[in-house]
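See structure below.
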Amino acid sequence: MKQSQIFPKTRKEAPKGAESINHKLLVRAGFIDQLMAGSWTLLPMGFKVVQKINQIIREEMNAIGGQEMLMPLLHPKEIWNETGRWDKADEIMYKLKDSREKEYALSFTHEEIVMDLLRKNIRSYTDLPVSVYHFSTKFRNEPRARSGILRGREFMMKDLYSAHISEEDLMKYYEKVKEAYSKIFRRLGFNFKVVEASGGVFTDKFTHEFQVLDANGEDTFYYCDKCDFAQNKEIFAGKTGDICPKCRKGYIKEADKTVEVGNIFPLGTWYAERMRVYFIDRDGGKKPVWFGSYGIGPTRVMGTWVEVSHDDRGVIWNRAISPFDVHLIELPGGSGKDTYEKLKKEGIDVLWDDREVSPGEKFSDADLIGIPVRLVVSTKTGDKIEYKERGSEKSELLGFDEVVRKLK
Ligand code: ATP
Ligand code: MG
């Protein structure tokens with residue numbers, strides 16, 4: 001892609017009133033635009049990053065048997081009344097009336113919608129388990145939408161739902177999803193912990209949050225410095241410095257300013273009982289399905305990455321989610337077009353700075369946009385290419401083939 005054609009251009013100044021780093025940098029670099037508090041456009045480069053995040057999520061969902069589909073965002077009031085959430089979730093739901101006075105909610109989650117699908121399509125134990133997911137918009141009337149794209153009032157979520165014949169089967173799958181989520185956040189490159197939390201409908205089971213450390217977020221949790229024990233602030237009964245209640249060897253530490261990027265919930269039969277989602281089991285008995293739901297916010301993931309990976313000049317993407325593989329900077333006398341075409345032929349996704357602006361402007365834009373590898377061609381580099389990684393001060397002169405080898 002030619003940089004001269006990218007929409008929109010970068011900006012020198014952060015938008016007025018922007019407080020968080022992801023807000024400032026992603027707007028300046030041209031990844032997102034704010035329509036109003038909590039409402040964002042994913043601009044072409046931002047959308048590219050989110051699609052890369054989504055593809056990683058999709059691969060891991062498919063690997064555990066998830067089937068992708070797409071559900072509606074406009075929901076009738078009646079379906080939310082079946083579980084009582086029309087009233088219970090009043091604060092978070094956007095509600096509206098059409099011209100015939102019929103009432104609707106904009107989706108803030110999809111459990112009820114999946115339950116409706118299941119009761120129309122599940123007859124016997126042979127129809128289970130079911131594991132379906134979608135990527136779609138969620139609407140939530142968030143009281144404080146000040147942390148940039150970390151907290152939208154309209155945002156993207158990948159939500160997976162699973163239904164099972166028994167508690168045992170549900171919990172086995174729940175563990176699989178937990179592992180798949182860990183894989184996703186490892187592939188994305190995060191330093192994260194799996195943290196026990198409340199919020200499920202079982203009294204004897206936790207839900208699990210995936211919390212990214214040192215991310216300027218709003219959450220706090222406690223963890224053991226030796227084993228995998230971690231609980232969020234809302235449920236942990238101890239304090240920093242305590243002996244770990246799980247391994248009895250390590251000590252409890254506090255992690256604050258963390259960001260929740262994922263959350264999984266074992267929901268049991270609570271929804272099935274209220275929405276009458278039953279199946280006929282092997283023994284002929286009629287039983288409610290066991291249900292779980294599992295969410296990740298890809299737009300929050302993008303913002304979280306910026307919070308944990310930037311410097312005072314801009315974003316530092318990693319290869320997994322960078323909008324391009326390399327940023328090719330053409331300076332006077334450099335063979336920009338030729339190098340661009342050759343890199344493309346190698347299957348490398350290149351952003352080619354073909355603009356007629358000063359070298360200083362090109363370099364500062366490259367730092368702001370944050371593509372992990374920067375290549376420079378100029379009179380000085382001759383038939384070689386200067387190769388530099390974002391976040392490192394070192395650069396080296398390499399031949400074309402060496403560059404390609406390093407990129408692959
Ligand atoms: P929080 O506690 O941060 O408000 P939540 O616990 O209400 O989030 P969930 O219902 O668990 O959120 O949603 C699943 C995932 O969706 C979250 O882990 C997060 O990645 C994402 N998410 C939730 N709310 C938002 C939001 N307002 N903007 C962007 N992403 C969000
Ligand atoms: Mg949550």
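The values are calculated or read from the model by the stated rules, or taken from the named source; none is laboratory data. Keep in mind it's a predicted model, so treat the numbers as computed, not measured. We place every Cβ from the backbone using ideal geometry, glycine too, and count neighbours over all the protein chains shown. Remember, those area values only see protein heavy atoms, side chains included, never the ligands or the DNA or RNA. Shrake-Rupley method; radii C 1.70, N 1.55, O 1.52, S 1.80 Å.
Within region 150-177, being hydrophobic (A, V, I, L, M, F, W, C) and either within 15 Å of ligand 2 (Cβ to nearest atom) or open to solvent by 10 Å² or more (accessible area, probe 1.4 Å) (or both) holds for 150, 155, 156, 157, 160, 165, 171, 177.
When region 178-207 is examined, which residues are found to be away from ligand 1 (no atom under 13 Å from the Cβ), open to solvent by less than 70 Å² (accessible area, probe 1.4 Å), in contact (Cβ under 8 Å) with a residue 60 or more places away in the chain and assigned to a helix (DSSP H, G or I)? Even if it seems obvious, please write down each step before you answer.
Initially, region 178-207 is screened for residues away from ligand 1 (no atom under 13 Å from the Cβ), giving 178-180, 182-183, 186-187, 189, 191, 193, 196, 201-206.
Applying the additional criterion that residues be open to solvent by less than 70 Å² (accessible area, probe 1.4 Å) yields 178, 180, 182, 189, 193, 196, 201-202, 205.
Filter again for in contact (Cβ under 8 Å) with a residue 60 or more places away in the chain, leaving 178, 180, 189, 193, 201-202, 205.
Matches in region 178-207: 178, 180.
Within region 66-78, is even one residue under 18 Å from the mean Cα position of the chain (by Cα) and open to solvent by less than 20 Å² (accessible area, probe 1.4 Å)? For region 66-78, residues under 18 Å from the mean Cα position of the chain (by Cα) and open to solvent by less than 20 Å² (accessible area, probe 1.4 Å): present. For region 302-317, check the following and say yes or no: at least one residue is open to solvent by 10 Å² or more (accessible area, probe 1.4 Å), away from ligand 2 (no atom under 16 Å from the Cβ) and farther than 19 Å from residue 25 by Cα. No.
Look at region 333-353: where a residue is closer than 21 Å to residue 48 by Cβ and open to solvent by 70 Å² or more (accessible area, probe 1.4 Å), no partner that is in a loop (DSSP other than H, G, I, E, B) and of a type in the set (Gly, Ala, Ser) sits 6+ places away or on another chain with Cβ atoms under 8 Å.
Could you grab me the full set of residues in region 258-286 that are more than 30 Å from residue 182 (Cα to Cα) and in contact with a strand residue (DSSP E or B) (Cβ under 6 Å, 6 or more places away or on another chain)? Listed by number, the residues that qualify are 273, 278, 279, 280, 281, 286.
For region 163-175, the criterion of a residue being away from ligand 1 (no atom under 15 Å from the Cβ) and β-branched (Val, Ile, Thr) is satisfied by at least one position.
Total residues in region 283-307 satisfying the condition of being under 14 Å from the mean Cα position of the chain (by Cα) and of a type in the set (A, V, I, L, M, F, W, C): the figure is 5.
Checking 176, 183 one by one, the residue that is out of contact with any Ser or Thr (no Cβ under 8 Å at 6 or more places or on another chain) and over 30 Å from residue 283 (Cβ atoms) is 183 and no other.
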